[in-house]
Every structure is written in structure tokens, then in C-alpha cells.
Amino acid sequence: MRSSATKFGYRRLGRILSAATALLITVGCQGERVQSSLHPGGPAAEAIARLWWVLLGVLGSYTLAVFVLAGIAIFRRPPSPTHRQPDPQEGQRFILIGGAILPALILVPTLAYTVHTTTSLRMRETGLTIRIVGHRWWWEVSYPEHAVEIANELVIPAGEPVRIELASADVIHSFWVPQLHGKMDLVPGKVNAFWLQAERPGIYRGQCAEYCGQQHALMAFVVKVLEPAEFVQWLRHNQQEFIEPTAAGTDPPHGLQLFLQHGCGVCHQIRRTEAQGQIGPDLTLLAERHTLAAGTLANHPDNLLRWLSDPQSIKPGANMPATAASRAELRQIVDYLLDRPSSTPHTGDERDRR
Ligand code: CUA
């Protein structure tokens, strides 16, 4: 009677455990791959993912073996009173093999492989530098060699390493694009550098990976990877001297006038206009960005309208105040900001991949 009850208990436990494992596997592997370090999109992330799988395999098997041996020791039948006592030397040998030799055989090669992976991630020769400054809670992105500025979005060419220089304007942030590389901190008063490389064009999501305050979770960004020729074109078109200035003698667009009237230009810059603020994100290329408010909202006119009229309800604590303009005025500002000419218009394909 008791044994059948125990058997039933074990069976139920087994069923619960396998259901939980299946759930974990499906939850872990399904869904968006855009921010998964297990779906690498470049050589650095690939090396990191390989190391992860090797460590999981080796250390997982070792842990399993320990559990099996412990299970055997616990559940085997107790020795009969006539059983001979174990030889103390045999015990010592067992401790030496199990406690020193076996762990060394496992840990030394995994350490060597870890060091090998780490050295393979050393700085590479690059032809392009992107400077990133972390702010609470957005990313300032500039191409110092090309006079291009954008925010919360990096545009890079496929197939080549890009030097990334990281600094912070306030607290420590951490730059992480799981599909392209490991994390690197942005530390106030210091410039850290590493490299990013993506093999294929596409959209990769990044996220601040160091708790930096109330809106840490809403401090995301996008890495947009273009074919090299397309990238060269993008870079050229967005350089300062190629941006269409408001023609001399003509009135600036009505949306821009309202933008300036309501004081937006005090914090934000739109290159080649009177708006030259340096506190908030540069809005010159806002029209081509994928998201608003550092990955908080999809870049859509209705979302921008919501953001301008009441940013604190969307991102409490952010430095962006509500814009004291009428709904009709806000609509004109939105139209101006999102209609600005952009060299790389969105394609439906890109939006889908996001
Ligand atoms: Cu910036 Cu967390």
C-alpha cells in the first residue's frame, strides 16, 4: 500500500518536473530573437555564445554526474553487518581523484578556453568610430569623423568592425547589444572603447545593462546595419554640409516656428536651424529613427504626439517636460519633425524585423 502511494507521488513529481522543464525550454527559446545572445549576429557575439554552450555542456554534465553519484550514495541499500569496512586508503584515493584531479581536468581546459575567447575579443583595427554618451535615460550617438549626430540609434555597415567609444554624462550605464557583443560600461570621466561587428544587414536591439535609476528599463537603442555601399550613402547624406538648410530669405516651416516658439530648441538641436540645444537628443534625424524616447515607443506620429503632450505619463522622471502647445500646434510640430527629409526611408521589411 505504502509503496504504491510512493510510486504515485514520484510519478506525479516526475510529471510536474517534465512539464516545468518543457515550459522553461519553450519560454526561453521562443519569441523575439532581437535581443538574444544565443542568436549571435557577429563574430564577437558568436565567440561568446560558443563559450556559453561549451561551459553549459561541460559543467552541466559534471553537475549531472555529481547528482547521479549522490543519488546512488543516498538510495543504495545499506551494507549488511557482515560487509567489510572500507579501507581508509581507498577513501583518501577517492577524495584525491574526485576532489582534485577530476575538477582540475575539467576546470583547467575550460579556463584556457575562456581566456582564449576573451583574448579573441580584443580591440580590432577599424575604419569608423562612433562616440556614445550615456544620459539618464537616452543615448547620444555621434560620428566624430563625419559630423553626423543621432540619438538612441547607431547605423553601421555590415561585415566590418566599428570602434565604439563610450562615455557618460551622469551615472554609470552599460552598453549591451546581446546579438553583437558583450557588455561595456559607460563611466563618468572615462572613455571606454570596444568594437561591434554585424555580419548581416538588419536591426539589432540594445539595452542599458547597468541599473541607472528610475527609467533604466526604458533606456534602449537600436543598431541598424546597412550594406556597406548603402551605409556610405547614409553617412554622406547626413553630414552637416549636406543637410538642406532653410533657404535664406524664406520663412522657416510653420512646424519649426512652433518648435522654436515653445522652447524645444533650448534643449534639442536640429542641425542647420536655430534649434541648437545640447541638453536633450539631437532631433535632426528623428524621422528615420525606429523608436521614440530611447526604445519606449515605436516612432509613429500618434506616439510622438502623446510623447510631446505628456512625456511624464510615458516615462516618469525623464527630463522631458510637457510641451505647452495646443493639440493643433503639436500636430504641426510632429508633422515637421517626422517629415524632415531622410536619406534612408523605412521599408516595411525593416519594421517587420523589429
Ligand atoms: Cu542607463 Cu541603466
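Across region 190-207, rounded Karplus estimates of 3J(HN,Hα) from the backbone phi angles (6.51 cos²θ - 1.76 cosθ + 1.60, θ = phi - 60°) give 8, 10, 9, 10, 8, 9, 10, 8, 10, 6, 10, x, x, 10, 10, 9, x, 8 Hz, Gly and Pro being marked x. Estimated from the Cβ-Cβ distance and a Förster radius of 51 angstrom, the FRET efficiency linking L69 and A322 is about 0.20.
Candidates I203, V191, V222 compared by Cα position along the dipole of region 165-226: farthest toward the positive end lies I203, with charges placed on Cβ. In this simple spin-label model, placing a label point 7 Å from the Cα along the Cα-to-Cβ direction at both V191 and Q278 gives a separation of 1.6 nm. Karplus-derived 3J(HN,Hα) values for region 314-328, using 6.51 cos²θ - 1.76 cosθ + 1.60 with θ = phi - 60°, are 9, 9, x, x, 5, 6, 7, x, 5, 8, 7, 10, 6, 4, 5 Hz; glycine and proline are entered as x.
Extension gain for A217-L59 works out to 53.7 nm (0.36 nm per residue, less the C-alpha to C-alpha distance). Summary of packing: across the peptides 108-119, 37-48, 64-75, the per-residue average of other C-beta atoms within 10 Å ranks them, highest first, as 37-48, 108-119, 64-75.
Note on L17 and T110: the model spin-label points, each 7 Å out from Cα along the C-beta direction, lie 2.1 nm apart.
May I ask you to derive the relative contact order of region 41-190, considering only C-alpha pairs under 8 Å and at least 6 residues apart, and to give it as an integer percent? All intermediate terms of the calculation are to be shown ahead of the outcome.
Working: 150 pairs, mean separation 37.3, N = 150.
The normalised contact order for region 41-190 reaches 25 percent.
When F94, F221 are sorted by how many other C-beta atoms sit within 10 angstrom of their C-beta, beginning with the fewest, the order is F94, F221. Across region 268-280, coupling constants 3J(HN,Hα) worked out from phi with the 6.51/-1.76/1.60 Karplus curve, θ = phi - 60°, read 10, 9, 10, 4, 6, 10, 6, 6, 10, x, 10, 7, x Hz, and Gly and Pro carry x.
Summary of packing: across the peptides 321-331, 192-202, 125-135, the per-residue average of other C-beta atoms within 10 Å ranks them, highest first, as 192-202, 125-135, 321-331. For region 45-199, a crude dipole built from +1 on the beta carbon of Lys and Arg and -1 on the beta carbon of Asp and Glu, taken about the Cα centre, is about 920 debye to the nearest 20. Residues whose amide H comes within less than 5 Å of that of H173, counting only those at least five positions distant or on another chain, are L186 (H built at 1.01 Å from N in the peptide plane). Close amide H pairs (under 5 Å, H built 1.01 Å from N) link L297 with L292, residues at least 5 positions away or on another chain. Remark: spin-label model distance Q239-Q85 equals 8.8 nm, labels positioned 7 Å along the Cα→Cβ axis.
Each value in this text was obtained by applying a stated rule to the coordinates, not by laboratory testing. Fair warning: this is a prediction, and the values are worked out from it, not measured in the lab. Cβ coordinates were reconstructed from backbone atoms using ideal geometry, including for glycine residues, and neighbour counts include every protein chain displayed.
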